[in-house]
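Data first, discussion second: the structure below is written as structure tokens.
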Amino acid sequence: MRAFVDKIHANRFILILIAVIIYEDVCFMLTLYQFESCPFCWKVKALLHFSKIPYTAIEVNPMNSKELEPLGLKKVPVLVDGEQIVTESSVVMDYINEHYAHLAANDSVAEWRTWVDASLVHFLPPIIHKNFSTSWQTFGQVLKPAGYGPMKRTLIRFAGALAMSRVSIKKARERGITDAPKGLTEAVQHWVTAGLAGQAFHGGTTPDLADLSVFGVFRSTDGLAAVTLAKAASPVFAAWYDELKQRTPSSAV
Ligand SMILES: N[C@@H](CCC(=O)N[C@@H](CS)C(=O)NCC(=O)O)C(=O)O
């Protein structure tokens, strides 16, 4: 009888433990507000996916960002971790790294991450939105996983292609980018020569935050002209990109 009562107590303890673990997983899950097409969001996702950190993704409507209204914010990515609301992709990556991923960082990582935000990221929009037709194709692809119904998707696709094909080249020119494909090719060569420098990854045998930042920006346009161009420019880049893609399956739940 005593043994039976002990067994029930032991089982009750295990059940409570399981309930607490499930509760913690559900209630303390990270939430990422994002656009599927946003390179800054993909930098964050590259880190979450590589480190296998579960999170809930909330796709923000790029036409009105209404999902962000309760937070009083306008831009993605936004990470919510319990009471903490973190904005700016690089700050979000630092937050995730400090609390969850714990990848090593050094001065070189910091320099490459700055290069990604200040330079690399600006070569992509004028390529993938170079005219209405290219931009229409781009939105067709990037909106697929966003989960919109057909009407909403077509509306966002049309409005997005109209706006982006007008804005991207103008913005690139303001930044001094007159030949985006040439600029991107040079950027890829710079990354391969000075960033990877003969190693599998900038981080050596394993990717670091520099790898994940460069990869994230390209990953936002996977299958589109910018990635095709970059891969054609360098087989080393192509192998590095494919390896990272394989190592970063989605950890969104
Ligand atoms: N510096 C910011 C840039 C974020 C950003 O520009 N996000 C764009 C999407 S790629 C956005 O939310 N745009 C909406 C808007 O400006 O209203 C970061 O690194 O997070």
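The values are calculated or read from the model by the stated rules, or taken from the named source; none is laboratory data. Just so we're clear, the structure is a prediction, and the values are computed from it rather than from any experiment. Neighbour counts run over all protein chains shown; Cβ positions are idealised from the backbone, glycine included. Heads up: the accessible areas ignore ligands, DNA and RNA and are worked out on the full protein's heavy atoms, side chains in. Shrake-Rupley method; radii C 1.70, N 1.55, O 1.52, S 1.80 Å.
When every Cα-Cα distance of the chain is counted in 5 angstrom steps from zero, the calculated P(r) takes the values 1, 6, 12, 16, 17, 15, 12, 7, 4, 3, 2, 2, 1, 1, 1, 0, 0 percent. Only Cα pairs under 8 Å and 6+ residues apart enter the sum, and on that basis the relative contact order of the chain stands at 27 percent. Each Lys and Arg adds +1 at its Cβ and each Asp and Glu adds -1 at its Cβ; summed about the Cα centre, the chain shows a dipole of about 960 debye. With the charge dipole of region 107-247 set up from +1 on Lys and Arg Cβ and -1 on Asp and Glu Cβ about the Cα centre, the Cα lying farthest toward the positive end among the listed residues Gln199, Ile177, Val167 is that of Val167. In this simple spin-label approximation, Arg175 and Gln141 carry label points 7 Å from Cα along the Cα→Cβ vector, and these lie 1.9 nm apart. When the solvent-accessible area of the chain is split by element, carbon and sulfur atoms take up 60 percent of it, the probe being 1.4 Å. Solvent-accessible surface of the chain, averaged per residue with a 1.4 angstrom probe and all protein chains in place: 54 square angstrom. Counting only alpha carbon atoms, the long axis of helix 132-142 and the longest principal axis of the chain meet at about 20°. Using the Cβ-Cβ distance between Leu73 and Ala232 with R0 set to 45 Å, the FRET efficiency works out to roughly 0.75. In this structure, the amide hydrogen of Ile58, modeled 1.01 Å from its nitrogen in the peptide plane, lies closer than 5 angstrom to those of Leu32, Tyr33, Gln34, counting only residues at least 5 positions away or on a different chain.
Placing a label point 7 Å from the Cα of Arg247 along the Cα-to-Cβ direction, the residues of region 106-131 whose backbone N falls under 16 Å of that point are 106, 109. Spin-label pair Thr205-Tyr100: with each label point 7 Å from Cα along the Cα-Cβ axis, the two points sit 2.7 nm from one another. Secondary structure note: in the chain, about 55% of the DSSP beta bridges are antiparallel. Between Glu88 and Ser119, the modelled label-to-label distance comes to 2.1 nm, taking each label 7 Å out from Cα in the direction of the beta carbon. Please compute the length gained on full extension between Asn131 and Glu186, using 0.36 nm multiplied by the number of residues separating them and subtracting their Cα-Cα distance. This chain segment gains 17.6 nm when fully extended.
Straight-line cross-link reach from Lys66 at under 26 Å between alpha-carbon atoms covers these lysines, not counting any fewer than eight positions away in the same chain: Lys43, Lys45, Lys74, Lys75, Lys144, Lys152, Lys171. Taken over region 107-247, the alpha-carbon convex hull comes to 104 cubic angstrom per residue. Each helix, a run of at least 4 DSSP H residues, gives -39500 (n - 2.57); summed and divided by the residues of the chain, these come to -18000 deg cm²/dmol at 222 nm.
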